[in-house]
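Everything on this sheet refers to the single structure shown next.
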There are 2 protein chains.
Amino acid sequence: MSIEAEATLFRRLTLLGSGLIGGSIARAVRARGDIADEIVIYDRNPAHAARIAELEIADRMAATPQAAVQGADCVILCSPVGTFGDLAAAIAPHMKPGAILSDVGSTKQSVIRDVAPLVPDHVHFVPAHPLAGTEYSGPDAGFATLFEGRWCLLTPLPGTDEASIARVRCLWERMGSMVSSMEAGHHDRVLAIVSHLPHLIAFTICGTADDLADETRQQVLQFAATGFRDFTRIAASDPETWRDVFLNNREALLEMLARFTEDAQAMARAVRWGDAAYIEDKIGRGRKIRRSLIELKQA
Amino acid sequence: MSIEAEATLFRRLTLLGSGLIGGSIARAVRARGDIADEIVIYDRNPAHAARIAELEIADRMAATPQAAVQGADCVILCSPVGTFGDLAAAIAPHMKPGAILSDVGSTKQSVIRDVAPLVPDHVHFVPAHPLAGTEYSGPDAGFATLFEGRWCLLTPLPGTDEASIARVRCLWERMGSMVSSMEAGHHDRVLAIVSHLPHLIAFTICGTADDLADETRQQVLQFAATGFRDFTRIAASDPETWRDVFLNNREALLEMLARFTEDAQAMARAVRWGDAAYIEDKIGRGRKIRRSLIELKQA
């Protein structure tokens with residue numbers, strides 16, 4: 001499926017949500033001339049909508065999701081995944097025949113479960129997930145280069161219009177991403193371990209530290225060494241986004257957490273009984289994985 | 001206890017170990033003229049010793065620890081904490097009267113347990129721990145500015161010669177560190193949560209990922225998103241150093257891991273039963289701690 005290099009991908013692109021990801025898409029589209037002629041944004045948070053208007057990264061702000069999607073060639077859901085069901089129900093009757101509906105949610109089985117049944121036959125649904133982000137959120141957090149050199153994973157359902165998949169792929173490639181397709185369930189298992197579990201751990205350890213007796217807690221903050229400081233960076237991420245991710249990738253996340261907990265208990269036992277060889281072996285595996293990552297240029 | 005700003009602190013400074021920390025001390029001392037006139041280094045790893053000689057960051061390489069400490073005004077143990085007992089036994093009879101013995105170990109109760117009984121009355125023992133490091137190790141990993149703006153914690157025993165404590169404090173201040181003193185047991189509890197537990201978690205999650213079925217494991221490496229990538233960075237740290245840290249801060253580390261595990265299980269239960277408010281509250285605490293850290297300029 002080839003798309004002419006010169007052609008603009010969409011006449012009208014609508015973003016429902018303008019936080020870190022939506023705001024970065026808008027800025028990236030603006031920075032290039034070949035993705036969309038017009039960007040329309042709807043944000044359910046009035047303060048965020050006002051700020052986006054002020055920043056002038058949209059051509060037009062819409063007052064409702066229904067108004068936002070009217071006449072759009074491509075609509076991308078950019079709010080927390082827990083909002084997608086209601087949002088899809090609201091916009092479905094208003095989408096133009098032949099339009100593409102996509103999203104940027106971090107969980108893909110739940111998005112397919114919540115959105116796919118509501119999508120009219122004349123609309124092409126192409127779920128997507130850019131593996132990019134920072135610990136910042138809100139309309140000021142986005143930037144045009146966020147997706148450069150990062151992966152975007154597509155999880156289209158079997159039988160989806162190939163031309164629409166190609167357009168979504170092209171959209172992400174033009175924003176600088178590498179694109180890969182996989183089955184939604186597989187996506188959710190991989191993301192559970194590379195992203196969702198690390199976030200759950202980071203949020204948890206901050207709570208554990210916060211519960212310590214007063215003097216120790218003060219010194220935890222004062223003397224936060226490398227490890228804890230890195231964890232708190234992850235833990236600064238948007239609460240609503242991550243709450244929704246955890247609740248919508250429940251099974252895979254709980255399975256990975258159970259595996260991790262077993263492994264942590266085995267490490268605890270080795271520490272208690274002074275099993276130096278076991279501990280060294282586990283640390284050595286961490287190094288090996290780090291080296292593999294560097295070789296894969298993801299580090 | 002004031003030390004003249006112009007005066008060089010030590011005529012001869014001996015470092016036993018020349019990895020990331022020892023190598024950085026040598027480079028920092030070299031970069032300034034007012035810490036030591038002469039740097040002597042012993043490294044038990046012959047390849048590392050040869051490399052340090054090649055790098056010319058020591059004035060003299062010693063063939064044995066005994067030879068290295070002879071005539072030194074200050075000796076710093078810079079090898080993994082598990083080596084300190086044997087090392088202290090070897091050097092104790094050869095240290096000059098009035099000399100200072102210090103270290104850079106990440107666990108302080110164990111260092112006091114292993115080293116203090118071996119220190120002769122005419123030597124002043126001042127345990128220290130610079131909260132600085134990177135995930136790199138070995139003789140090439142060090143750099144002169146590693147300690148700038150970082151804390152160094154001293155845990156001197158009651159009754160230690162005040163002038164010697166002041167000299168060690170001054171050594172770290174001249175390398176750019178902020179210095180604080182605390183009781184060794186308190187140090188070990190604080191470090192267990194800010195550094196040792198995060199490292200144990202990072203090593204463990206790399207192993208958990210490495211145990212996944214082949215296809216998933218490949219994709220974990222390929223699509224490592226922010227969270228996992230940050231964890232693998234920590235997990236690349238030196239295996240022997242961290243094995244020794246875990247084994248020598250056993251009680252505090254196991255207690256913090258037990259608290260963390262309880263908290264993670266509570267989070268798992270909230271995810272399983274869809275307790276959105278609980279999850280959001282825990283994430284919110286992570287953000288709050290991050291903000292406190294930024295306010296304390298440690299982030």
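Residues in segment A:145-181 that are crowded, with 17+ Cβ neighbours inside 10 Å, without any contact (Cβ under 8 Å) to a residue 60 or more places away in the chain and of a type in the set (A, V, I, L, M, F, W, C): A:Trp151, A:Cys152, A:Leu153, A:Leu154, A:Trp172, A:Val179.
For the condition out of contact with any strand residue (DSSP E or B) (no Cβ under 7 Å at 6 or more places or on another chain), more than 14 Å from B:Gly284 (Cα to Cα) and outside the structural domain of A:Ile21 (by TED's automatic domain parsing), A:Leu200 does not qualify.
A search for C-beta distances below 6 Å between a residue of segment B:185-196 that is facing another protein chain (nearest Cβ under 7 Å) and any residue that is at pLDDT 95 or above, counting only pairs 6+ apart in sequence or on different chains, returns B:Arg189/B:Ala252; B:Ile193/B:Met256.
Across segment A:45-58, what is the number of residues that are surrounded by 16 or more Cβ atoms within 10 Å (Cβ to Cβ) and part of a loop (DSSP other than H, G, I, E, B)?
2
Contact annotation: residue pairs with Cβ atoms under 6 Å, 6 or more positions apart or on different chains, pairing a residue in segment A:213-227 that is at the interface with another protein chain (Cβ under 8 Å from one of its Cβ atoms) with a partner that is of a type in the set (Phe, Trp, Tyr) and not in a loop (DSSP other than H, G, I, E, B), are A:Phe223/B:Trp151.
Restricting segment B:273-283 to residues that are over 11 Å from A:Glu240 (Cα atoms) and in a helix (DSSP H, G or I), which is farthest from the other protein chains (Cβ to nearest Cβ)? Only one residue fits best here, namely B:Tyr278.
The set of residues in segment A:277-297 that are in contact (Cβ under 8 Å) with a residue 12 or more places away in the chain and of a type in the set (A, V, I, L, M) contains only A:Ile279. One residue stands out in segment B:284-299 among those that are facing chain A (nearest Cβ under 7 Å) and touching a Cys at 6+ places or on another chain (Cβ under 9 Å): the one that is surrounded by the most Cβ atoms within 10 Å (Cβ to Cβ), namely B:Gly286. Residue count for segment A:228-238 under the criterion of being assigned to a loop (DSSP other than H, G, I, E, B) and facing chain B (nearest Cβ under 7 Å): the result is 1. Across segment A:124-144, the number of residues qualifying as more than 13 Å from chain B (Cβ to nearest Cβ) and crowded, with 21+ Cβ neighbours inside 10 Å comes to 7.
Among the residues of segment A:273-283, those identified as surrounded by 14 or more Cβ atoms within 10 Å (Cβ to Cβ) and of a type outside the set (Ser, Thr, Tyr) are A:Asp275, A:Ala276, A:Ile279, A:Glu280, A:Asp281, A:Lys282, A:Ile283. Here is the figure for segment A:4-20: residues that are out of contact with any Phe, Trp or Tyr (no Cβ under 9 Å at 6 or more places or on another chain) and either at pLDDT 95 or above or surrounded by 24 or more Cβ atoms within 10 Å (Cβ to Cβ) (or both) total 6.
Run down A:Thr204, A:Thr241, A:Thr208 and say which single residue is over 16 Å from B:Asp230 (Cβ atoms), part of a helix (DSSP H, G or I), modelled with pLDDT of 90 or more and under 25 Å from the mean Cα position of the chain (by Cα).
Going through A:Thr204, A:Thr241, A:Thr208 in turn, the sole match is A:Thr241.
Residues of segment B:258-272 that are within 7 Å of chain A (Cβ to nearest Cβ) and surrounded by 15 or more Cβ atoms within 10 Å (Cβ to Cβ): B:Arg259, B:Phe260, B:Thr261, B:Asp263, B:Ala264, B:Met267, B:Ala268, B:Val271.
Taken together, the residues in segment B:64-77 that are more than 19 Å from B:Asp37 (Cβ to Cβ) and surrounded by 22 or more Cβ atoms within 10 Å (Cβ to Cβ) amount to 2.
Applying a threshold of 6 Å to beta carbon distances and a minimum spacing of six or more residues, or different chains, the list of pairs starting in segment A:237-250 at a residue that is touching a residue at least 24 places away in the same chain (Cβ under 8 Å) and ending at one that is assigned to a loop (DSSP other than H, G, I, E, B) and among the β-branched types (Val, Ile, Thr) reads A:Val245/A:Thr107; A:Asn248/A:Thr107; A:Asn249/A:Thr107.
The values are calculated or read from the model by the stated rules, or taken from the named source; none is laboratory data. In this text the structure is predicted, and so the values were computed from the model without any measurement. Glycine gets a Cβ as well: all are built from the backbone with ideal geometry, and neighbour counts include every protein chain shown.
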